[in-house]
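Peer 1: What follows is a structure written as structure tokens; I'll ask about it next.
Any read-out appearing in this document is the output of simple, stated calculations on the displayed coordinates, not a laboratory observation. What you see is a predicted model; the values in this text were computed from it and never measured. Cβ placement follows ideal geometry from the backbone for every residue including glycine, while neighbour counts extend to all protein chains displayed.
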Amino acid sequence: MHSKIRDAEIRALIRADDPWEPVGPTPMPTLMDLRNWDLRLLSTYEPFYAPFCDLCCLCTYGKCDLTEDRKGACGIDMASQQARWILICCLMGTAAHGAHGRHMIDYLIEKYGEDFPINLGTQVNVEAPIIRTVLGVKVETLRDLRTAIEYVEREFIHLVSATHTGQEGNYLDFESKAFHAGMLDHVALEAADIAQIAGFGYPTSVADTPLVDLGWGIMDSTKPTIVVVGHNAVTANAIIDYLREHDLYGKVEVGGICCTSHDVTRYASGAKVIGPLSQQRFFLKTGLADVVVTDEQCVLLDIPQMAKETGAAMIACSDKISYGLENASERPADEIVREVLEEQKQFLILDPQKAAEVVVRAALELAPKRSAQKQLLTEAEAAALAAKCRGTCELCNRTCNSLLPVAAAVHQAGQGNFTKLGEVFRRCHGCGRCEQECINQIPILRLMQAAAARDTFKMRSGRGPIHDVEIRKVGSPIVLGTIPGVVLFAGCSNFPQDIDDVAWLAEELARRKYIVNLSGCAAMAAAMKKDDEGRTIYEKYIPEFDAGCIVNVGSCVANCHVVGAAIKIANIFATLPNRANYELISDYILNRVGACGVVWGPYSQKALCIGTGAVRWGIPIVLGPHGSKYRRLYMSKKEMGDWTVMDGRTKQLVDTGEPTPEHMMVVTESKERALVTIIKQCFRRNDTPPGRAIKLNSYISAYKQVMGTLPDDLQNFVRTDKDIPIVYKREVVAYLKEVGWQPKPVLSLPTIIGTYETKVPIEATIK
Amino acid sequence: MASETMVMPYYKVNVLTGSKAAKVIDVPADGVAIINKAKNPLYVFGEEVIATPVGDRLLIDFALEIAKSRDIAICATAHVKKKMLELGVKPDSVYDIIEIVHFLKMKEWSGVRGKGFHDLVLFTGVRCDLAERGLATLKHFAPHLKTFAICRRSHPNADFAVPVLVKVDKWREYLEDMIRTLGATKPA
Ligand code: SF4
Ligand code: SF4
Ligand code: SF4
């Protein structure tokens, strides 16, 4: 709800009189402000639900059985319950990023003051495209970033409230609220990443960031070894500072798992990336770390136990994961170090500088005493441990959510053959459930030490924002379609098959001249494949935001920069005003910017939330098979759907007959299918005939590669014969004739503004 | 006919948290009776049909025999189409698994051969966790059709499911028995 007082408050917060752009219709939008936009999107892309659980047990009226058309005691039906669950999960994701941003910003304000300027370098003038578009504020200082996080917090309480029993009851409204949560999440991502770039001096305005070492085999454990796990690098960076101040940088090994490793290597390229989330438990069980440091998000909850088992010290640094440990933040470092070493005590330390001192001093002391615990299992030892397995009870297989042939692999390992176990390792996400079930208590994850290749790789460290000058260069070819698409591989490492499939997909697209971006665990996985000359894709492709290039934007919070690039295309290239102009910009992206997000290994609520937020911006998402367990997708009826849009120039409704983008969130079963689906999701109604011909050229070539024929739905995407790629002209024409294809209209200004009730005038789409 | 309901499938990830579970079709002939009753069946082939051996043959060989015996329309998901074409069989339709489930949900959809909605949908070779999600969608949102998961890992969200068959030999026997019975019986 808006009130005069709130509106005045918003105007003050966004400095409305600041003349950089007129304030658009939706500054700091509330739950209701973008609802019509959401319902319009959802009318074309209906929610598809795959219930994971048929019951609801949220309140004491339950359990309620919602099977088929049953309703719960509160009146909720299955679709709405799925949508409510989605909203709850999206809120978890938003909260994780939002609290992360809040911590980072508060820490930096404490350190530098709230007037600390946000300067992203000479190449980045539109510093915070998401915050500008959503809130309407131009970010100048840390205070403005705090304003952004406070806006997220304010909206958040209303969204959480809607999940209570007897509140929201309609699935479409739950979805609209999930979109809102997703949008807030993107605000939080941008606030967090900009804060850390400005506050820690991470790379910005430079594309060619350093190549850093990656792989579990890269850690030189002959040195004191510190491993940082999580997503919030405040303490990890303080460790680097401590090492530098004490002339220990390079003498102590610092490696990270998950996004903290991205951010610590953005801070110090001598730090190492051990690997993605999926290798967390495997690595911690090797005992190579002398000290394990946890911060937040996607951190395993049995790390204290694993550290104890390997004789490593362990320090937790986040109030979100306190593990029941004593909070030693106020105690003298000497005392803590003594208890860590003499009593093997584990502590929670919320003061990053103190934590850094304790961690480094403990590592220096422990390393010489732990050489025996740092020995990896030999093949002979592993075979002896596996010897009892006959490979027949298969309890390990049955409990493996990656559906891996663990039994056969362990059985073969028992006979001294580690090939299959090596393959299992590459597909394993390290949950440890198999060894928990094993009737012979075989330590399966430890056996993998003898099977896992100790290859090392190079990954380009995260580069942060896409530069305004890059946007100026690629804006036109993206919107015309002659650069066939912008693809972001984001998210986690719950991959369906081999870990290097992300690299395969990225390369298939880069060589077809897509602009390929990566972040988070996906960016790490993409480094884990080498060509015949031993190069990873980061060594092979130029790290620019341009056709046929490959960019690592950074950690999960850096995902904002790819969404930001799509906004900047509308704002910088097309000069559409973005200030508090959410619908106008999203409509532009939906109709004109051929962007697609891919989460090939989806696992977390954060990834769900990021994806849901992307859809509200008009960016389609392709998920790997585990994404089906998120239980909701957004799919059109394809050729059966209504594809009527407005022609912005004539202000006439036009039935385009063209399902583009085809779906807004879809799961694909295999990497081959993912490839053709990603290519298709980059089609846009605005593509010019030469642009569409280039996109169809990619689609046909990829489809032939993986399916052996012309695409079965080609007729949906050829609008006129000018769209047909020359290379395939003859066979496409013959095919279109066979299926009775009819030409479709090509619009020069397609928009859905004007097809639903909105404050945005249709004239606003014309520039 | 089927007597038990599916309690524990092979994969724990597919354990049902609910009250309506698949009927277990212990006897292949009972499965054939279900197929024989169908007026407009569809057979969905998942990626494992082209990658999984059953003895010295591929799973797709068995699935194709079942489909051919009653001229059941085939939907090739994932990238199965390529292998099918190599085997000289053109699938009736090509969708990815989630897309075909999405269409099956709509009673008004014309079906892959334009004969209206499918009243029975057979599934083989779809990645087990993904298949189970799709089957859950159809259980709740497609009351106009029945599903039969012809998969040795078993699927509680289907209407009908093969029992868990850990041994490949038993699985092969099951499939061969089905094919034999299809040959010896006629559609209703
Ligand atoms: S929230 Fe509704 S459906 Fe869930 S247990 Fe309570 S009454 Fe039942
Ligand atoms: S640890 Fe790996 S192999 Fe074992 S159950 Fe988990 S994913 Fe499967
Ligand atoms: S559970 Fe243990 S004993 Fe059984 S097959 Fe798996 S590894 Fe072997």
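Peer 1: Going by average Cβ density within 10 Å per residue, which order do the peptides A:535-542, A:569-576 take, highest to lowest?
Peer 2: A:569-576, A:535-542
Peer 1: With +1 on each Lys and Arg Cβ and -1 on each Asp and Glu Cβ, and nothing else charged, work out how big the dipole of segment A:374-446 is about its Cα centre, in Debye to the nearest 20.
Peer 2: With Lys and Arg at +1 and Asp and Glu at -1, about 100 debye.
Peer 1: Next question, about the same structure. Could you calculate the contour length gain from A:Tyr61 to A:Ser269, that is, 0.36 nm times the residue separation minus the distance between their Cα atoms, to one decimal place in nm?
Peer 2: 69.4 nm
Peer 1: Which value in nm describes the separation of the simple spin-label points at A:Asp302 and A:Leu653, placed 7 Å from the Cα toward the beta carbon?
Peer 2: Label at A:Asp302, label at A:Leu653, 5.8 nm between them.
Peer 1: Taking the Cα-to-Cβ direction at A:Gln344 and at B:Leu85 and moving 7 Å from each Cα, how far apart do the two end points lie in nm?
Peer 2: Once both label points are built, they end up 6.2 nm from each other.
Peer 1: While we're here: Under 16 Å from a point placed 7 Å out from the Cα of B:Asp61 along the Cα-to-Cβ direction: which residues of segment B:139-174 have their backbone N that close?
Peer 2: Zone members listed by number: B:168-174.
Peer 1: In debye, nearest 20, what is the charge dipole magnitude of segment A:638-740 about its Cα centre with +1 on Lys and Arg Cβ and -1 on Asp and Glu Cβ, if you could check?
Peer 2: Working: 16 positive and 15 negative charges, 83 e Å.
The calculated dipole for segment A:638-740 is roughly 400 debye.
Peer 1: Oh, and also: Rounded, prolate or oblate, given the Cα gyration tensor of chain A, with a/c below 1.5 counting as rounded?
Peer 2: prolate
Peer 1: State the extension gain, in nm to one decimal, for the chain segment bounded by A:Asp69 and A:Glu110, taking 0.36 nm per residue of separation less the distance between their alpha-carbons.
Peer 2: Stretched out fully, the A:Asp69 to A:Glu110 stretch lengthens by 9.3 nm.
Peer 1: Return the FRET efficiency for the residue pair A:Ser322, A:Ala8: r is the Cβ-Cβ distance, R0 is 41 Å, and the value is rounded to the nearest 0.05.
Peer 2: Working from the Cβ atoms, E equals 0.50.
Peer 1: Between B:His140, A:Ser493, A:Val598, whose Cα lies farthest towards the positive end of the dipole of the protein assembly as shown when Lys and Arg beta carbons carry +1 and Asp and Glu beta carbons carry -1, centred on the Cα centre?
Peer 2: Checked the options; the winner is B:His140.
Peer 1: List the residues of segment A:402-419 whose backbone N lies under 19 Å from a point placed 7 Å from the Cα of B:Ala51 along the Cα-to-Cβ direction.
Peer 2: Inside the label zone: A:402-410, A:419.
Peer 1: Could you tell me which residue out of A:Tyr630, A:Ala313, A:Tyr588 lies farthest along the dipole of chain A toward its positive end? Charges go on the beta carbon: Lys and Arg +1, Asp and Glu -1, centred on the Cα centre.
Peer 2: Highest projection toward the positive end goes to A:Tyr588.
Peer 1: So, one more: What FRET efficiency comes out for A:Asn125 versus B:Lys107 if R0 is 51 angstrom and r is the Cβ-Cβ distance? Round to the nearest 0.05.
Peer 2: FRET efficiency, A:Asn125 to B:Lys107: 0.40.
Peer 1: Could you sort the peptides A:262-269, A:758-765 by per-residue average Cβ neighbour count (10 Å cutoff), highest mean leading?
Peer 2: Result, highest mean first: A:262-269, A:758-765.
Peer 1: Under 1.5 on a/c is rounded, so check that first for segment A:612-670, then, if it is not, pick prolate when a/b is larger than b/c and oblate when it is not; a ≥ b ≥ c are the square roots of the alpha carbon gyration tensor eigenvalues.
Peer 2: Here segment A:612-670 falls in the prolate category.
Peer 1: Next up: When Cβ neighbours within 10 Å are restricted to other protein chains, what is their mean count per residue of peptide A:396-404? Before the final figure, lay out the partial values.
Peer 2: Values: counts 0, 5, 10, 3, 3, 5, 2, 9, 0.
Across the residues of A:396-404, the mean count of other-chain Cβ atoms within 10 Å is 4.
Peer 1: Next question, about the same structure. Could I have the simple spin-label model distance between B:Ala184 and A:Glu21, label points 7 Å from Cα toward Cβ, reported in nm to one decimal?
Peer 2: For B:Ala184 paired with A:Glu21, the spin-label model returns 7.4 nm.
Peer 1: Which of B:Asn36, B:Ile60, B:Val89 sits farthest toward the positive end of the charge dipole of segment B:1-106, with +1 on the Cβ of Lys and Arg and -1 on the Cβ of Asp and Glu?
Peer 2: Checked the options; the winner is B:Asn36.
Peer 1: Is chain B rounded, prolate or oblate when judged by the Cα gyration tensor, a ≥ b ≥ c being the square roots of its eigenvalues, rounded requiring a/c under 1.5 and prolate requiring a/b larger than b/c? Could you put the intermediate results ahead of the total?
Peer 2: Values: a/c = 1.21, a/b = 1.03, b/c = 1.18.
Since a/c stays below 1.5, the shape of chain B is classed as rounded.
Peer 1: With respect to the cross-link table entries A:Lys138/A:Lys177; A:Lys530/A:Lys729; A:Lys420/A:Lys638; A:Lys4/A:Lys177, which display a Cα-Cα separation exceeding 30 Å?
Peer 2: Beyond 30 Å between Cα atoms: A:Lys530/A:Lys729; A:Lys420/A:Lys638.
Peer 1: Over chain B, with a Gaussian network built from C-alpha contacts below 10 Å, which listed residue (B:Thr52, B:Thr147, B:Thr77) shows the highest mean-square fluctuation?
Peer 2: Most flexible of the set in this elastic network: B:Thr52.
Peer 1: Still on this structure, I have one more. Tell me the relative contact order for chain A as a rounded percent, counting alpha carbon contacts under 8 Å between residues six or more apart.
Peer 2: Across chain A, relative contact order equals 15 percent.
Peer 1: At a threshold of 8 angstrom on Cα-Cα distance, excluding pairs fewer than six apart, so keeping six or more, what relative contact order does chain B reach in percent?
Peer 2: It rounds to 30 percent for chain B.
Peer 1: Nearest 500 deg cm²/dmol is fine: what mean residue ellipticity at 222 nm does chain A get from its DSSP H runs of n ≥ 4 alone, each adding -39,500 (n - 2.57), divided by its residue count? Display every interim value, and only then the final one.
Peer 2: Working: 29 runs with 328 residues, N = 767.
Result for chain A, helices only: -13000 deg cm²/dmol.
Peer 1: I would also like to ask the following. Give, rounded to the nearest 20 debye, the magnitude of the charge dipole that chain A has about its Cα centre when Lys and Arg contribute +1 at Cβ and Asp and Glu contribute -1 at Cβ.
Peer 2: Numbers: 84 positive and 92 negative charges, 306 e Å.
The dipole of chain A has a size of about 1480 debye.
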